[in-house]
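Read the figures in this text as sums done on the coordinates, not as results from a lab. For clarity, every value in this text was computed on a predicted model and none was experimentally measured. Cβ placement follows ideal geometry from the backbone for every residue including glycine, while neighbour counts extend to all protein chains displayed.
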Amino acid sequence: MIDELKQDAEQRMKKAMESLEKALNRIRTGRAHPSLLDGITVDYYGQETPLSQVASVNVEDGRTLAISPWEKNMIPVIEKAIMTSDLGLNPSSTGDLIRLPMPALTEESRKTYVRQARHEAENGRVAIRNVRRDVNNDIKELLKEKEITEDDERRAMDDIQKITDKFISLIDSELKQKEQDLMQV
C-alpha cells in the first residue's frame, strides 16, 4: 500500500517536472528554438490548431526560425498568430516561407525572462510540495484506519520527503541552467 503511494507520488512529481520543462522552453533565450512556438495556435478552418500541426518549424541559423506552412493560404494567419502572441517577435514572409528572426536580448529583457523562469520554477516547487502533502495525508489516513503502524508512517513520510527533495533539486538545476542560458551574451 505504501509502495503504491510512493510510486504515485513519483509519477505525479515527474508530471510536474515535465510541465516545468515545457514552461521553461517557452521562455525565449537569444537563440532560435522551435519549442518557442509550442504555445501558439492558429485558426485552421474554424478550429484552433497548434502551429506545429499546420507547418514545419526549423532552425535556419542560430537566430532565425523558418516556418513552412503546408498550405500557402495559412501564411497570413500564422503571421498574425505570431504577432499577437506575447513573444514579441516580428515574422517576415517570402512567398512560401515565414522567417522569424530572434532579436538580441537586452539586459532588461534578460532580467524579465529570468524573473519569469524563477516564477515558473516556484510554481513547479509548489506542485511538488502539493503532491507531498496529498501523499502524506493519505499515509495519515492509513494510520488512522490502523492499516499501518506509526513506524511505517514515519518511514513512509521520510521516503516521500527524500523523493520530494530529489525533485526540488532537479527543479533548482533546471532553473540554474535556464538562467545561464538567459544571461549568456
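Note down the magnitude of the dipole of the chain about its Cα centre, charges +1 on Lys and Arg C-beta and -1 on Asp and Glu C-beta and zero elsewhere, to the nearest 20 debye.
Dipole about the Cα centre, nearest 20: 640 debye.
Give me the extension gain from residue 61 to residue 84: residue separation times 0.36 nm, minus the current Cα-Cα distance, reported in nm with one decimal.
Answer, rounded to one decimal: 5.9 nm.
Starting with the fewest neighbours, write out 183, 1, 17 ranked by other beta-carbon atoms found within 10 Å of each beta-carbon. Each step should come with its number before you reach the end.
Values: 183 14, 1 11, 17 17.
Ordered from fewest to most neighbouring Cβ atoms within 10 Å, 183, 1, 17 come out as 1, 183, 17.
If you keep only loop residues by DSSP, which GluC sites (Glu not before Pro) in the range 1-74 have at most 15 other Cβ atoms within 10 Å of their Cβ?
Values: sites: 4, 10, 18, 21, 48, 60, 71; in loops: 71.
Hits after loop and neighbour filter: 71.
Expressed as an acute angle from 0 to 90° and rounded to the nearest 10, what is the orientation of the C-alpha long axis of helix 150-183 relative to the principal long axis of the chain?
20
Please rank 163, 171, fewest neighbouring Cβ atoms within 10 Å first, as an exposure proxy. It would help to have the intermediate numbers written out before the result.
Values: 163 19, 171 23.
Neighbour counts put them in this order, fewest first: 163, 171.
Just to be sure I understand: with springs between alpha-carbon atoms less than 10 Å apart, which residue in 39, 95, 62 has the highest mean-square fluctuation in the Gaussian network model of the chain?
Greatest mean-square fluctuation among the candidates belongs to 95.
Could you work out [θ]222 nm for the chain from helices alone, using -39500 (n - 2.57) per DSSP H run of at least four and dividing by all its residues? Round to the nearest 500 deg cm²/dmol.
Details: 4 runs with 107 residues, N = 185.
That calculation yields -20500 deg cm²/dmol at 222 nm.
What are the ³J(HN,Hα) couplings of the range 5-10, residue after residue, when phi is run through the Karplus curve with 6.51, -1.76, 1.60 and θ = phi - 60°? Round to Hz, x for glycine and proline.
So the Karplus estimates, Gly and Pro as x, are 5, 5, 5, 4, 4, 5 Hz.
Please give the contour-minus-distance gain from residue 18 to residue 106: 0.36 nm per residue of separation, less the Cα-Cα distance, rounded to one decimal in nm.
Values: separation 88, 0.36 × 88 = 31.68 nm, distance 2.86 nm.
Between residue 18 and residue 106, full extension yields an extra 28.8 nm.
GluC sites (Glu not before Pro) within the range 144-173: which are DSSP loop residues with at most 10 other Cβ atoms inside 10 Å?
Answer in residue order: 145.
Round to a whole angstrom and tell me the spacing of the C-alpha centers of the range 31-49 and the range 115-185.
Cα centroid to Cα centroid, the span is 32 Å.
Describe numerically, in nm with one decimal, the distance between label points set 7 Å from Cα along Cα→Cβ at residue 134 and at residue 177.
Modelled inter-label distance: 2.5 nm.
Residue 63's amide H: which non-local residues (gap 5+, or another chain) put their own amide H closer than 5 Å, with H modeled 1.01 Å from N in plane and none for Pro or chain starts?
Long-range HN contacts for residue 63: 32.
For each of 74, 13, 83, count neighbouring Cβ atoms within 10 Å of the residue's Cβ, then give the residues from fewest to most. Spell out each step's value before the answer.
Numbers: 74 21, 13 26, 83 12.
In increasing order of surrounding Cβ atoms, one gets 83, 74, 13.
Cross-link list 140/162; 6/176; 6/178: which exceed 21 angstrom alpha carbon to alpha carbon?
On the way: 140/162 18 Å; 6/176 27 Å; 6/178 29 Å.
Correct reply: 6/176; 6/178.
Magnitude of the Cβ-charge dipole of the range 34-101, K/R +1 and D/E -1, about the Cα centre, nearest 20 debye? Working shown, then result.
Numbers: 4 positive and 9 negative charges, 27 e Å.
Value, rounded to 20: 140 debye.
Each residue of the range 124-129 in turn: what ³J(HN,Hα) in whole Hz from Karplus with 6.51, -1.76, 1.60 and θ = phi - 60°, glycine and Pro shown as x?
Computed from phi, the couplings for the range 124-129 are x, 4, 4, 4, 4, 5 Hz.
What stretch of the chain, leaving out the sites themselves, is the longest with no chymotrypsin sites (Phe, Trp or Tyr not before Pro) in a DSSP loop having at most 12 other Cβ atoms within 10 Å?
The longest uninterrupted stretch comes out as 71-185.
Using label points projected 7 Å from each Cα along Cα→Cβ, tell me how many nm separate residue 97 and residue 145, to one decimal.
6.2
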